[in-house]
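Single-structure report; data block below.
The values are calculated or read from the model by the stated rules, or taken from the named source; none is laboratory data. Given the structure is predicted, the values throughout are model-derived calculations rather than measurements. All Cβ positions, even for glycine, are placed from backbone atoms using ideal geometry, and neighbour counts span all protein chains on display. Ligands, DNA and RNA are stripped out before the accessible areas are found, and what is left, the full protein with its side chains, is counted by its heavy atoms. Shrake-Rupley method; radii C 1.70, N 1.55, O 1.52, S 1.80 Å.
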Amino acid sequence: MAMKLSFLAMLLCLLLASTPKAHASVFDVTSATYGAKPGSDVSTALAKAWSDACASPSASKVVVPSGTYKLKEATFRGPCKAPIEMQVQGTLQAPADAGQLTRPDTWVGFQYIDMLTLSGGGTFDGQGALSWNQNDCHKNKNCKPPPVNLRFEFLTNSKVQDITSLNSKFFHIHVFRCNHTTFQQLTITAPDESRNTDGIHIGASTGINITHSKIGTGDDCISIGDDSHEITVTGVTCGPGHGISIGSLGKYKEEKDVTGIIVKNCTLTNTENGVRIKTFPDSPSPSSASGIHYEDIIMVNVSNPILIDQLYCPYTKCEQKPPSKVKINNVSFKNIKGSSFTPLAVKLVCTTGKPCENVELTDIDLTYGGDKGPLTSVCSNVKPAITGVTKALGCATSSLAPLP
């Protein structure tokens, strides 16, 4: 009996080994069907290859081989009939002049797709230098933003991995209404003087994972907007840039709550802020941010390493306004170590209208080697629970009154 079972098992293995394996259909933009060539505009070829791949009843792959290609703009739209991958092995270059785009807020977009994979080791080059000089969004609240390098909208069960976003005109990656999507092994690069070039901005999304990525920009490495839930950031190196931020929140009407944010095992180097939560004063509608946890963070020469700022105002002129209506609750900063570029290393400034609650500072070990005064911390409208923190970093000036 045992010999018969063994023979049957061997026969089954042989049958499985001889069965042809299903491979994804490949749609190469440089094939004779599509005719793309390095050095030329690939827009039409890429659009046609996507259309054919998306219509495939089985898994498909769009391939952009190595080489440099011009891409005026593109929106890749689903739903597709089966899982689909876009493998960019070469470099796609945007027009230097944003005025050439028919969709002024987006260079490359992906919409309404389930089980998308974007990969390949290639580069999306936004050629943003001209736009940075023209962008006044840092001082003009009514500005017209330049285009985002990569916009992901209404994706589910998807993965973006092993790509580079270079010199975006505005945000590098914008994530909106996406669920259960992972961003991993990304390189996001722009010089520190490039304005509003957030690395990854997330809004109205659930179950987003960002992991093992290197981000250096002229703004937030990662920013998390309203209606974001179950967002996990791990193994990210950030710098230059403005840090890893929740917000800004409280700027628009009817903003929704932010819940369940974990930032862990990250390193920030030479950034203008470290880990922060920022909300505008005079919010038009009440909302909340809760369940936010920063843990195992290394700071290297970082200004404002730990920051809650409910008086956030990025514009040149900021008037005294009523307090923020964003309620901050259940926030922890744990095992944060390294060096601060500023003597004020911990700053928790909460709103007078809705003081922060259930804030923890645990095992905070930051040093300051400059000559602008002693290492210090300050808190307003919050009484954090403190464990394993020196007196200098433990909010000795904590109060429930507004800071001067």
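Each peptide in 28-40, 62-74, 112-124 gets a packing score, the mean of other Cβ atoms within 10 Å over its residues, and the list from highest to lowest is 112-124, 62-74, 28-40. From most to least packed by mean Cβ count within 10 Å, the peptides 303-312, 384-393 give 303-312, 384-393. Take the alpha carbon atoms of the range 332-359, find their center, do the same for the range 97-132, and report the distance between the two centers in whole angstrom. Cα centroid of the range 332-359 versus Cα centroid of the range 97-132: 35 Å apart. The heavy atoms of H174 offer some 30 square angstrom of accessible surface to a 1.4 angstrom probe. Per atom type, the range 220-403 shows carbon and sulfur on 52% of its accessible surface, probed at 1.4 Å. The equivalent ellipsoid that matches the C-alpha gyration tensor of the range 257-318 spans semi-axes of 23, 18, 6 angstrom, in descending order.
Relative to the dominant Cα principal axis of the chain, helix 43-54 is inclined by about 80°.
Within straight-line reach of K48, meaning a Cα separation under 21 Å, sit the following lysines at least 8 residues removed in sequence or on another chain: K37, K61, K70, K72, K81.
Convex hull of alpha carbon positions in the chain: directionally averaged projected area 25.2 nm². Taking 0.36 nm per residue of sequence separation and removing the Cα-Cα distance, the K70/Q134 pair yields an extension gain of 20.8 nm. Hey, quick one: spin label on A55, modelled 7 Å out along Cα-Cβ, who in the range 65-84 has an amide N within reach, i.e. under 19 Å? Hits in the range 65-84 for A55 at 19 Å: 75-84. On average, how much accessible surface per residue is there in the chain, in Å², for a 1.4 Å probe, leaving out ligands, DNA and RNA? Result: 45 Å² of accessible area for each residue.
Taking the chain as the reference, fit the longest principal axis to its C-alpha atoms, fit the long axis of helix 2-18 to the helix C-alpha atoms, and give the angle between the two in degrees, 0 to 90, nearest 10. Tilt of helix 2-18: around 90 degrees.
Where only DSSP H runs of four or more residues are counted, the chain gives -2500 deg cm²/dmol as its mean residue ellipticity at 222 nm, each run worth -39500 (n - 2.57). Across the range 57-85, the residues whose backbone nitrogen lies under 14 Å from the label position 7 Å along the beta-carbon direction of R103 are 72-79. Kirkwood hydrodynamic radius, the range 76-181, all distinct C-alpha pairs: what's the number in Å? By the Kirkwood definition, the hydrodynamic radius is 14.4 Å.
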